1. Count, please, the residues in the range 155-174 that happen to be outside any loop (DSSP other than H, G, I, E, B), out of contact with any Lys or Arg (no Cβ under 7 Å at 6 or more places or on another chain) and either modelled with pLDDT under 95 or in the same structural domain as Gly274 (by TED's automatic domain parsing) (or both).
2. Of the residues Ser247, Ser265, only one is crowded, with 23+ Cβ neighbours inside 10 Å, touching a helix residue (DSSP H, G or I) at 6+ places or on another chain (Cβ under 6 Å) and not β-branched (Val, Ile, Thr); which?
3. Since Leu500 meets every condition but one in (1) aliphatic (A, V, I, L, M); (2) under 21 Å from Leu428 (Cα atoms); (3) surrounded by 17 or more Cβ atoms within 10 Å (Cβ to Cβ), which condition does it not meet?
4. Hey, could you check the range 28-48 for residues that are surrounded by 14 or more Cβ atoms within 10 Å (Cβ to Cβ) and touching an Asp or Glu at 6+ places or on another chain (Cβ under 8 Å) and say which is nearest to Asn94 (Cα to Cα)?
5. Pick out the one residue from Gln19, Gln79 that is touching a His at 6+ places or on another chain (Cβ under 9 Å) and either closer than 21 Å to Lys107 by Cβ or of a type in the set (S, T, N, Q) (or both).
6. Based on this model, can you work out whether Pro405 counts as assigned to a loop (DSSP other than H, G, I, E, B) and within 24 Å of Ser231 (Cα to Cα)?
Amino acid sequence: MITRLHSAAVNGIDGYGVQVEVDVVPVKDVGRYYIVGLPDAAVRESVQRVTSALKNSHFFCPGELQVTVNLAPADVKKQGPGFDLPIAIGLEINIQGSIEDIPYEFKRRVPLHVDDWCMVGELALDGMVRGVRGILPQAVAARDQGCKYLMVSAENAAEAAVVEGIEVYAVETLADAWAVLLEREKFTPVRPVPFAEQEMNGPDFAEIKGQPYARRAMEIAAAGGHNLLMSGSPGSGKSMLASRLPSILPPLTHEESLMTGRIHSVCGLLPRGGGLLRERPFRAPHHTISDVGLMGGGSNITPGEISLAHNGVLFLDELPEFHRRTLETLRQPLESGVVTISRASGSFDFPCSFMLVAAMNPCPCGYLGDPRRSCRCSHAEITRYRRKISGPLLDRFDMVIEVPPVDPASLLQKPDGEPSAAIRARVLAARERQQIRYAGTGVTCNARLTGRMLRQYCPLSSSQQDMLLAAVEQFSLSARAFDRILRVTRTIADLAGHDLPTDDDLFEAIQFRQFECKLRD
């Protein structure tokens, strides 16, 4: 007797349907279990979990059986413990239907309609159903393969319920799963958590004293999605400023949240019971991170930090301390918004459209240009330190600013700085203008404007063109930097409510590239 059930798995960040076929044949000697279909170690070990879970849940599971489990398609590697639940259900359906001398206390009514169900879950030895990673893309795959109902653990239910077009049922034990299959009408499907903006409770810009120039740069970066590099001595507030950037960013849209949620789901980082993400991700990896940790990959290919920062912020503190090779890998993803990981097992495309915010000291000791402490570094040491950031990478920052040391007297002054709520209101207004302007183009913010769109949406007068060309010549800027100045100009104009950029808008955007030439010297 063969029982076929539907399940799902993850390949990269995409889910795909898996058909679980269970065949049971009674034998007279010791039972044998075979799992085929390119299973990994976690899938092969499901034999011990499933048999123990069945016995401890008071299901009949004799030892004199030859059990064959096929996971189709057979040419795709299967990973993870999520097949435990369908294997257990399929095995018990087979046992109840093919073995005649089942003791009375173990006889159970068999569910008749399982074709519309998709089941994903890990089993504990006592029959509890545990959650698995990547349930969001797996729920999408279940819906796409025609399943009407999805059965998952209680801890995965809120995450799966955000997918429209399929009913999600949460189960805590294997016995609960059997009961739901028998009488689905008696159970209530999980309702999705309403997608609403969360109240911001994190660090606030009001806590920052002084630094009006850096605060302005942060506001512009948030309003247009621009990359920002800050240079300043230790204690000037670079990390403090960056940590407060999420408090002024616009919330994720529903579409952005679905894509970002898929990436975090695969990595097991979605908050349990919370459904979709509301806040934009903020990732701050340590400078010892490897290429694989930043870009993605590994034996079981998973997204890296740049993909976890998709639609959010990647903050690299102490930028020159990162390995140069690791930093250079950022150049192509910053332009394309996609990173391709190619291995012998296949090629995977991970989205990575993020804001790059970085901080660095002006020299190895950190006190070059500090009015209160003298620098101890030689010119050769300073040059070697700054050359860890290549010209092509530096060119990909929209704004490069100097963050001066804070005057100690200002730390005791009141009132506090402008709160994040006030800055965020201006950012949201600027983003709304961009959404209206770029409706139907696929562009979400000024930082993603193409060259052709720049000429259309950021036209310059003849005097403004002369001003920009003079700045490019004076600061020895590249053609890429030329376009980035235009994008920042468009954002400054949006913050000011200008339909067309003014001379002041362009002049301010140019000032945010002025410090770059000092870092190249």
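The values are calculated or read from the model by the stated rules, or taken from the named source; none is laboratory data. Since we're looking at a predicted model, the values are computed, not measured. Here the Cβ is made from the backbone with ideal geometry for all residues, glycine too, and neighbour counts use every protein chain on show.
1. 5
2. Working: Ser247 fails: crowded, with 23+ Cβ neighbours inside 10 Å.
Exactly one of Ser247, Ser265 is crowded, with 23+ Cβ neighbours inside 10 Å, touching a helix residue (DSSP H, G or I) at 6+ places or on another chain (Cβ under 6 Å) and not β-branched (Val, Ile, Thr), namely Ser265.
3. Just one mismatch for Leu500, condition (3).
4. Gly31
5. Details: Gln79 fails: touching a His at 6+ places or on another chain (Cβ under 9 Å).
Answer to the selection: Gln19.
6. On the way: assigned to a loop (DSSP other than H, G, I, E, B): yes; within 24 Å of Ser231 (Cα to Cα): yes.
So Pro405 fits the description; yes.
Per-residue answers, yes or no, for (1) among the small types (Gly, Ala, Ser); (2) at pLDDT 90 or above; (3) not assigned by TED's automatic domain parsing to the domain that holds Thr260:
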{"position": "Val18", "(1), (2), (3)": "no, yes, yes"}
{"position": "Glu21", "(1), (2), (3)": "no, yes, yes"}
{"position": "Val30", "(1), (2), (3)": "no, no, yes"}
{"position": "Tyr34", "(1), (2), (3)": "no, yes, yes"}
{"position": "His58", "(1), (2), (3)": "no, yes, yes"}
{"position": "Gly80", "(1), (2), (3)": "yes, yes, yes"}
